[in-house]
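Read through the structure below, which is laid out as structure tokens, and then see the notes.
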Amino acid sequence: MLQEMGVAVWWPAADAVPIANQQLPAPQEAPSSQPPEAIASRAQTAISAAPLIGALPSDERHGRIARMHWPDLQQAVHQCQDCGLCAQRKNTVFGTGPTSVAGSTGAPTPVDWLVVGEAPGEQEDLRGIPFVGPAGQLLDNMLKAVRLRGAGEPALGRQQGIYITNVIKCRPPGNRNPQAAEIAQCLPYLARQISLLQPRLILALGRFAADALLMGSQPGVSQMPLGKLRGQVYAYQGIPVVVSYHPAYLLRNPPDKAKAWADLCLAVQVYQEKTG
Ligand code: URA
């Protein structure tokens, strides 16, 4: 699989990278075997009594989102009209991953990794599922090549402990870059997803994910080239963050797939050091 991707394979030395954070989240449960379509459909239809928050002052809106449980958060995103992107979207794209639910918050568990991309593209907008177009196929292939717990273990994937979402939950028209105001409105949703999922590791794919996750802890992050940000371990609210290239960039720049594979190896190493 890696050869097909054009990736030269090596494995990093066990002692190569320090872990940014030592906090351990909850133990994991068995993953679900439901297909991504079923999960997205659940996400789109999991309607509960989430309050309308668009009319609230910004601080109050953020506070309300920060206290939402998973079903209300899904609904809040599903019906969000708090920036101009709602006008042209066909679907909101909340995220996809394991469907077994834990505790009173209703959040899926277990989540070994959270993968954060930029924003839905055309295919994602049509289907309501993140990373289902060409960039998503590359991402899936790379994740399938990862074995978190040793050679005999199942590959990673959307149903195997990985939750996939984006900084922005609606498609920017023509796949343009998200604007600052759109990001500001959407970030509280991502922040709440992270606090409910409590992933053991976050993989930030591309400029917008890196900025969104690191701006609180890395001054000047948005001025740093992505090539300089990758290769290190950061932390978001105590959760290790590894930055890598966006798969759409890798499709345009295949030689950098090797660096992206090294980033995945780093992520595996950090995860394994953290979980023992
Ligand atoms: N690119 C992204 O960043 N996210 C998607 O869901 C699809 C393409």
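The values are calculated or read from the model by the stated rules, or taken from the named source; none is laboratory data. On a predicted model such as this, the values are computed, not experimentally measured, just so you know. For neighbour counting, all protein chains shown are included, and Cβ atoms are generated from backbone atoms with ideal geometry for every residue, glycine included. The accessibility values were calculated without ligands, DNA or RNA, using every heavy atom of the protein model including side chains. Shrake-Rupley method; radii C 1.70, N 1.55, O 1.52, S 1.80 Å.
The candidates Lys274, Lys90, arranged from most to least accessible area with a 1.4 Å probe in the full protein assembly, appear as Lys90, Lys274. For the pair Arg252 and Ser100, the difference between a 0.36 nm per residue extended length and the Cα-Cα distance amounts to 51.1 nm.
Once all protein chains are placed together, Met68 keeps about 10 Å² accessible to a 1.4 angstrom probe.
The heavy atoms of Tyr234 offer some 10 square angstrom of accessible surface to a 1.4 angstrom probe. Modelled label positions at Ser217 and Gln88, each set 7 Å beyond Cα in the direction of Cβ, lie 3.5 nm from each other. Could you name the lysines in cross-link range of Lys274, using Cα to Cα under 27 Å and dropping any fewer than eight places away on the same chain? Reachable lysines: Lys144, Lys228, Lys257, Lys259. Taking each residue as 0.36 nm, the span from Gln237 to Asp59 lengthens on full extension beyond its C-alpha to C-alpha distance by 62.1 nm. Among beta bridges identified by DSSP and lying wholly in the range 179-276, the antiparallel ones come to about 50 percent. Taking +1 at the Cβ of each Lys and Arg and -1 at the Cβ of each Asp and Glu, which of Ala181, Asn253, Gly231 sits farthest along the dipole of the range 169-276 towards its positive end, judged by Cα position relative to the Cα centre? Towards the positive end, the residue furthest out is Asn253.
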